[in-house]
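Engineer: My questions all concern the structure below.
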Amino acid sequence: MTEKTIFQKILDGEIEGDILYEDDRCAVLRDINPQAPTHVLVVPRKPIPSLDHLTDEDEHLVGHLFTVAAKIASEEGLEGGYRTVFNCGPDANQTVPHIHLHVLGGRRMSWPPG
Ligand code: AMP
């Protein structure tokens, strides 16, 4: 059995996380190293290692993560807009092998991203 990721440990209540929303399919926590005034992570309870591991049965779940992201962005007052990001693999600097949707806002974003 592979070792639990940091996000799985937070979801399972084994270590503390700054969780601001939870439902039966995902949780939203504040990023420990925020890159914007608001930086939260929408994390599915299902431990999918990366976007490359998604299957057809995950399509509804991924849609749900975006719906939750929009709801949280609204609750966080990100009227000016926000950015959502899934990093996938080493070239994108994915560091935690458990998919998570970054939601960043509260400042003007640049493009292209670094
Ligand atoms: P990524 O590089 O896309 O895999 O993103 C992983 C994110 O998880 C980074 O932005 C980290 O700052 C964040 N992170 C790592 N450990 C924790 C933690 N214990 N609680 C909240 N966020 C974390």
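Engineer: Are there GluC sites (Glu not before Pro) in the stretch 33-114 that DSSP puts in a loop and that have at most 14 other Cβ atoms within 10 Å, and which ones?
Structural biologist: Numbers: sites: GLU57, GLU59, GLU75, GLU76, GLU79; in loops: GLU76, GLU79.
Here the GluC sites (Glu not before Pro) that fit, given the DSSP loop and packing criteria, are GLU79.
Engineer: Leaving out ligands, DNA and RNA, what percent of the accessible area of the chain is carbon and sulfur, probe 1.4 Å?
Structural biologist: Summing carbon and sulfur atoms, their accessible area is 51 percent of the total for the chain.
Engineer: Just the accessible area per residue of the chain, please: how many Å² with a 1.4 Å probe? Before the final figure, lay out each step's value.
Structural biologist: Working: 7140 Å² over 114 residues.
So the chain comes to 63 Å² accessible per residue, rounded to a whole number.
Engineer: What are the ³J(HN,Hα) couplings of the stretch 18-23, residue after residue, when phi is run through the Karplus curve with 6.51, -1.76, 1.60 and θ = phi - 60°? Round to Hz, x for glycine and proline.
Structural biologist: 8, 8, 10, 7, 8, 9
Engineer: Dipole of the stretch 6-105 (Lys/Arg Cβ +1, Asp/Glu Cβ -1, origin at the Cα centre): which of GLY81, PHE7, HIS98 lies farthest to the positive side?
Structural biologist: Towards the positive end, the residue furthest out is GLY81.
Engineer: About the Cα centre, and with charges only on the beta carbon of Lys, Arg (+1) and Asp, Glu (-1), how big is the dipole of the chain? Nearest 20 debye, please.
Structural biologist: I would put it at about 400 debye.
Engineer: No solvent, one uniform scatterer per C-alpha: report log10 I(q)/I(0) for the chain via the Debye equation at q = 0.16 1/Å, two decimals.
Structural biologist: -0.74
Engineer: While we're on this one: Compute the acute angle (0 to 90°) between the alpha-carbon long axis of helix 59-75 and the principal axis of greatest extent of the alpha-carbon atoms of the chain; round to the nearest 10°.
Structural biologist: 40 degrees
Engineer: Short version: ³J(HN,Hα) in whole Hz for each residue of the stretch 40-51, in order, from phi by Karplus 6.51 cos²θ - 1.76 cosθ + 1.60 (θ = phi - 60°), x for Gly and Pro, what are they?
Structural biologist: These are the phi-based 3J(HN,Hα) values: 10, 10, 9, 10, x, 5, 6, x, 7, x, 7, 4 Hz.
Engineer: Can you tell which of LEU20, LEU104, LEU11 shows the greatest fluctuation in a Gaussian network model of the chain with Cα springs below 10 Å?
Structural biologist: Of LEU20, LEU104, LEU11, the most mobile in the Gaussian network model is LEU20.
The values are calculated or read from the model by the stated rules, or taken from the named source; none is laboratory data. None of these values were measured; they are calculated from a predicted model. We place every Cβ from the backbone using ideal geometry, glycine too, and count neighbours over all the protein chains shown. For accessibility, only protein heavy atoms count, side chains too; no ligands or nucleic acids. Shrake-Rupley method; radii C 1.70, N 1.55, O 1.52, S 1.80 Å.
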